[in-house]
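All remarks here apply to the structure that follows.
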Amino acid sequence: GPVTQWLAGMPKAELHLHIDGSLRAPRLLQLAAKHGVSLPYSSVEEVEAAYNFSDLQSFLDLYYLGASVLRDADDFYLLMKDYLEVCRVQNIVHCEIMVEPQTYLPQGVDLGVVLEGFDRAIAEAKSGWGQSVGLILSFLRHLPEAECLEMLTAADPYRAHFCAIGLASAERDFPPANFQTLYREAAKRGYALTAHAGEEGPPSFIHDALQLLSVARIDHGVRAIEDEYLLNQLAADRLPLTVCPLSNVRLCVYDDMSQHRILDLLDRGLCVTVNSDDPAYFGGDLLENFAALETDLSMSKEQALLLVRNSFEAAFLQNEEKNLLE
Ligand code: HPA
Ligand code: ZN
């Protein structure tokens, strides 16, 4: 529609993107063949037919299976290059990308190999078209906190590669309260702090991420709509939510896009942003997420502009850097 067309040419930021979630079917099949990894699919059509999820866990099972084809620095280079090419095409001038090194440990892939590939692609995009990129060191909450702390320490030699830490994977049985030492240790090291909360988990998990982990941003956070007191606090503090509309519908957080409350959150003064989460799995990049809001929620031009402005306000960048990009 016209609002999405107008947004296409506007500089935007994307703050909630799992790099493994950007691995598209053709690349997935190519890398599986390269490394002799056997998958339950043999064609792009079969891969995409399997991406029919009933909840977060049913997605995570296929997401970790997909990521298991990533083995060497060239694989990570191609993965990052593919996503940064989307940024160029969609005018996403700044992106903050979640990297989850614990995902690659079962395959014996070291963080140094991962970052060698990513660094090459990021350097090309920076010199190629001035792409701005931040990496978020994201931990898997279905694993014990002790293993997360080991990864935090293993990342110390690469501290300068990351702007922040995050917390992803299965939410319901793995509350923020379990990761207080991890977040305290990351804060000591000077990382900015964000965490997934209030996607499938209750609003109390958003409250606990703020109070117990001291996060500066919440990933998803859509279930804040159930708690009036929390909504007022998030609005008063301009505490950003990185909302992912297509993800929420594909993972059955909402029955369909017409049920999504993102524009209600925006109208109540919260600093909400639009993001694609795992675009290869949820059927769209950033602009397709905006397009769904225009089609199904009648997003206005004014609302669209606020959402884009919020994405820069919420970025883990210095104010001078924000002014240069916006
Ligand atoms: N939620 C939790 N963990 C994830 C997600 C998500 O939406 N995407 C990738 N890992
Ligand atoms: Zn996510």
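Table for the structure above
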| read-out | value |
| --- | --- |
| Exposure proxy order (Cβ contacts within 10 Å, fewest to most) of 290, 162 | 162, 290 |
| Exposure proxy ranking, count of Cβ atoms within 10 Å, fewest first, for 321, 199 | 321, 199 |
| At R0 = 22 Å, FRET efficiency that the Cβ-Cβ distance of residue 305 and residue 232 yields, to 0.05 | 0.35 |
| Amide H contacts under 5 Å for residue 197, placed H, 5+ residues apart | 219, 221 |
| Relative contact order (%) - criterion: Cα under 8 Å, at least six apart; region: the chain | 21 percent |
| Fewest-first ranking of 169, 54, 214, using other Cβ atoms within 10 Å as the exposure measure | 54, 214, 169 |
| Kyte-Doolittle at least -0.5, axis length at least 24 Å by Cα - qualifying DSSP helices, the chain | 73-90, 111-129 |
| Reachable lysines from residue 12, criterion Cα separation under 26 angstrom, eight or more residues apart if same chain | 81, 126, 301, 322 |
| Sequence-separation-based contact order of segment 168-234, relative, with Cα cut under 8 Å and 6+ spacing, percent | 33 percent |
| Check: the chain dipole with +1 on Lys, Arg Cβ and -1 on Asp, Glu Cβ, in debye | 720 debye |
| Orientation-averaged projected area, Cα convex hull of the chain (nm²) | 15.2 nm² |
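None of the figures in this text is laboratory data; all of them are computed from the coordinates on show. Computed from a predicted model, the values in this text were never measured in an experiment. Ideal geometry is used to build each Cβ from the backbone, glycine not excepted, and the neighbour counts take in all protein chains shown.
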